[in-house]
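Working notes, structure below.
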Amino acid sequence: MMQRLIGYSKIVVALLCCGALTGCFKDEPANNEADIEAVTVEVDCPEEIFFHETDATIVVPAESSTITFEVRRQADLTALAPQFRLTPGATIVPENGSVHDFSNGPVIYTVTSEDGQWKRTYEVSFRRVTHMKDAVIALDFEHYALEPSAGKYYIWTEESDGDLQGSVWATGNPGFQLSMSSAKPDAYPTAPYADGYDGAAVCLTTRDTGLFGAMAGKRIAAGNLFLGEFDLSIALRDALHATRFGIPFAKKPLRITGYYRYQPGPTFQDPKGKVVSGRTDEAAIYAVLFRNHDAEGNAMVLYGDNFKTSPLITALADMRPIPPTTEWTQFDIPFNYTEDIDLDLLDGRGYSLTVVFSSSAGGDTFEGAIGSQLIVDKVRIICEEEE
């Protein structure tokens with residue numbers, strides 16, 4: 001009898017333990033992210049719409065709410081069905097993969113998080129691209145505004161027709177916001193400058209990133225402006241790959257000209273914040289033309305670790321040194337070609353161009369002088385005339 005009671009006791013204890021364990025296992029909380037991570041457009045004849053098959057997919061930066069596909073001028077946009085990759089559990093309206101007419105403008109999509117608490121809207125559009133007729137492309141930095149979602153920093157757009165149109169410029173301002181969220185827009189590394197050579201200019205200033213930046217080993221933020229994208233989602237863990245240089249370009253550039261003023265900051269420091277005696281900060285002004293697909297047909301951009309060394313580079317225009325000056329001073333830099341340009345590839349938008357300005361040339365490795373300032377205006381890209 002006693003043994004039977006002991007046996008029953010063991011069963012009861014076991015059941016109680018199972019109940020206790022079951023109480024410890026709670027349902028995973030629903031995801032609160034409402035993001036589009038990537039968009040793909042599948043069509044029967046992609047070559048009739050896109051310049052390259054890889055152009056049919058766009059990986060969407062975390063901070064971007066505008067998604068624009070560049071397509072051929074004669075592309076039929078009346079019945080396209082984008083496929084969206086969303087953050088886990090999120091839903092989208094209109095329905096994922098539904099057919100829409102994009103010929104009259106963008107379609108607005110709303111993403112709702114898995115927990116239903118967060119919503120985010122995206123504008124998806126298709127821009128027909130035509131080859132530029134002018135041999136000179138003007139970049140004057142007149143069109144800028146506060147970034148719409150938070151209004152913390154400035155962004156720049158281009159209004160002219162052709163390849164360099166729309167939101168082609170990027171900066172490291174979103175990364176600076178992570179460390180200095182209380183900064184006013186004009187105190188960011190890249191800001192407008194009202195009294196330019198002719199109208200507004202862009203002002204690039206190397207800034208201190210404060211305590212948070214020092215803790216992350218990123219003590220300075222150079223002012224920069226470049227043709228391409230900045231991927232905020234990887235800025236802290238992989239700063240060199242957060243900068244994605246280049247946009248498709250269908251001209252053969254010969255020279256880049258413009259006006260600048262530059263003054264280096266008083267004290268040069270290394271990435272650890274130590275003063276480097278006898279060293280003066282330097283600015284950077286350069287442009288790169290490169291093939292935007294590798295031998296296997298994969299879409300390519302340049303990053304902070306290969307923007308001057310990639311084997312895809314066809315031509316480089318680099319101003320070195322950049323003498324300090326308090327007066328507006330003209331620069332005129334030729335493109336030096338390392339290989340003959342492929343005209344068929346050029347016509348098919350197989351090349352990309354980036355133009356880069358920075359207040360500290362070593363800013364990508366977080367060395368430079370706080371207070372270094374480069375102001376740039378009235379930039380012109382001189383291209384070869386169409387035959």
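The values are calculated or read from the model by the stated rules, or taken from the named source; none is laboratory data. Because the structure is a prediction, the values reported are computed rather than measured. Ideal geometry is used to build each Cβ from the backbone, glycine not excepted, and the neighbour counts take in all protein chains shown. The protein model used for the area step is the full one, side chains on, heavy atoms only, and it has no ligands, DNA or RNA in it. Shrake-Rupley method; radii C 1.70, N 1.55, O 1.52, S 1.80 Å.
Whole number please: convex hull volume per residue, Cα atoms of the chain, in Å³. Please list the in-between numbers first.
Values: hull volume 82.7 nm³, N = 387.
Value for the chain: 214 Å³ per residue.
Over the range 288-387, give the accessible area per residue in Å² for a 1.4 Å probe, as an integer. Working shown, then result.
Working: 4630 Å² over 100 residues.
Ligands and nucleic acids excluded, the figure is 46 Å² per residue.
Taking Cα centroids, how far is the range 234-287 from the range 300-337 in Å?
10
If each residue of separation counts as 0.36 nm, what is the full-extension length gain between A214 and R255 once their alpha-carbon separation is subtracted?
On the way: separation 41, 0.36 × 41 = 14.76 nm, distance 3.90 nm.
Full extension of this stretch gives 10.9 nm more.
Can you order the peptides 203-214, 279-290, 298-309 by their average number of other Cβ atoms within 10 Å per residue, highest first? All intermediate terms of the calculation are to be shown ahead of the outcome.
Values: 203-214: 20.2, 279-290: 22.6, 298-309: 16.3.
Per-residue mean Cβ counts within 10 Å order the peptides as 279-290, 203-214, 298-309.
When the accessible area of the range 32-79 is computed with all protein chains present and a 1.4 Å probe, what percentage of it is carbon and sulfur?
On the way: 1070 of 2540 Å².
The C+S portion of the solvent-accessible surface of the range 32-79 is 42 percent.
Given the convex hull over the Cα atoms of the range 338-387, what projected area results after averaging over all orientations, in nm²? Could you put the intermediate results ahead of the total?
On the way: hull surface 23.3 nm².
Average of the hull's projected areas for the range 338-387 equals 5.8 nm².
If you roll a 1.4 angstrom probe over the protein chains with everything in place, what fraction of the accessible area of the range 151-207 belongs to carbon and sulfur, to the nearest %?
Working: 1010 of 2200 Å².
C and S atoms contribute 46 percent here.
Hey, what does the equivalent ellipsoid look like for the range 245-387, semi-axes from the Cα gyration tensor as sqrt of 5 times each eigenvalue, largest first, whole Å?
Values: eigenvalues 193, 71, 19 Å².
The answer is 31, 19, 10 Å, longest axis first.
Report P(r) for the range 154-233: all Cα-Cα distances, bin width 5 Å, range 0 to the bin holding the largest distance, values in whole percent.
Per 5 Å bin, starting at 0, the Cα pair percentages come out as 3, 15, 22, 24, 18, 10, 6, 3, 1.
How far is it, in nm, from the label point at S233 to the one at D186 when both lie 7 Å from their Cα along the line to the Cβ?
In this crude spin-label approximation the distance works out to 3.6 nm.
For an R0 of 30 angstrom, estimate the FRET efficiency from the Cβ-Cβ distance between E384 and H143 and round to the nearest 0.05. Can you show the working numbers first?
Values: r = 27 Å, r/R0 = 0.88.
With a Förster radius of 30 Å, E is 0.70.
Please list log₁₀ I(q)/I(0) at q = 0.11, 0.20 Å⁻¹ for the range 222-290, using the Debye equation with identical point scatterers on the alpha-carbon positions.
The computed values of log10 I(q)/I(0) come out as -0.44, -1.09.
With the full set of protein chains in place, find how many percent of the accessible area of the range 233-354 is carbon and sulfur; take the probe as 1.4 Å.
Working: 3000 of 6040 Å².
Solvent-exposed carbon and sulfur of the range 233-354 make up 50 percent of the total.
Can you work out the accessible area per residue across the range 199-281, with the rest of the protein chains kept in place, probe 1.4 Å, in square angstrom?
Working: 3550 Å² over 83 residues.
Each residue of the range 199-281 exposes 43 Å² on average to a 1.4 Å probe.
Quote to one decimal, in nm, the extra length available between T326 and N31 on full extension: 0.36 nm per residue of separation minus the C-alpha distance between them. Provide the component values of the computation, followed by the final result.
Details: separation 295, 0.36 × 295 = 106.20 nm, distance 5.29 nm.
So the extension gain works out to 100.9 nm.
For F176, what is the net charge nearby, where nearby means another residue's Cβ is under 15 Å from its Cβ and Lys, Arg count +1, Asp, Glu -1?
Details: positive: K152, K184, R207, K218, R219; negative: E63, E147, D186, D208, D231, D364.
The answer is -1.
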